[in-house]
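**Q** This is the structure I want to talk about, given as C-alpha cells.
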Amino acid sequence: MFRRLDQPVGATVRLTLDGEAIEAMAGDSVAAALLAADAGALRTTPASGEPRAAYCMIGVCFDCLVTIDGAANRQACMATVRDGMCVERKHGARQVIGAIP
C-alpha cells in the first residue's frame, strides 16, 4: 500500500513487531517503518475493536499507539527505529498499572 518515493540508501536496522522480524531504514520513525513493511493495523480501539494504523504521522491523533521495548502507549510516529527494538501491537483498552481501584 505504501512505498518510498526514492530507493532507500543507507543503513538498515532490524526490529520486531509482535515477534516477527522487520527490516527498516535507519532514521525512519517506527510508524513509517511499519507502514513500509505493510504491517497493517497497529492497535485496536477499546470500544469496538476496530483496527487503527498511523494516520497523521505528526503526533496529534494517537492512532499509532504501540508498546516499544516494554513501554506501553508510545506513539509510533514519534519514535525513531533502532536496531533490536521490540514493538508490540496494542489491543483494546490500555492497562493502567498502579491505579487506585
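**Q** Being in contact with an Asp or Glu (Cβ under 7 Å, 6 or more places away or on another chain) and over 30 Å from residue 9 (Cβ atoms) is the filter here; which residues of the stretch 28-67 pass it?
**A** Hits for the stretch 28-67 are 44, 52, 67.
**Q** Of all residues in the stretch 26-44, which are free of Cβ contacts under 8 Å to residues at least 24 places away in the same chain and under 16 Å from residue 65 (Cβ atoms)? Talk me through it step by step, then tell me what you get.
**A** Of the residues in the stretch 26-44, the ones free of Cβ contacts under 8 Å to residues at least 24 places away in the same chain are 37, 39-40.
Hits for the stretch 26-44 are 39, 40.
**Q** Can you name the residue in the stretch 73-93 that is over 11 Å from the mean Cα position of the chain (by Cα) and of a type in the set (Gly, Ala, Ser) and, of all such residues, is nearest to residue 41 (Cα to Cα)?
**A** For the stretch 73-93, the residue satisfying everything is 92.
**Q** Output the residues belonging to the stretch 20-47 that are among the acidic types (Asp, Glu), assigned to a loop (DSSP other than H, G, I, E, B) and over 15 Å from residue 78 (Cβ atoms). Give the derivation first.
**A** First pass over the stretch 20-47, keeping only residues among the acidic types (Asp, Glu): 20, 23, 28, 38.
From what's left, assigned to a loop (DSSP other than H, G, I, E, B): 28, 38.
Correct list: 38 only.
**Q** How many of the residues in the stretch 49-93 are at positive phi and part of a strand (DSSP E or B)? Show your work before the answer.
**A** Residues of the stretch 49-93 at positive phi: 49, 57, 59, 62, 69-70, 73, 84, 92.
With the extra rule that they be part of a strand (DSSP E or B), the set shrinks to 73.
Going through the stretch 49-93 one residue at a time, the tally reaches 1.
Readers should treat all values here as calculations from the given coordinates under stated rules, not as data from a laboratory. The structure displayed is predicted, hence computed values, not measured ones. No Cβ is skipped: glycine too gets one built from the backbone with ideal geometry, and neighbour counts run over all protein chains shown.
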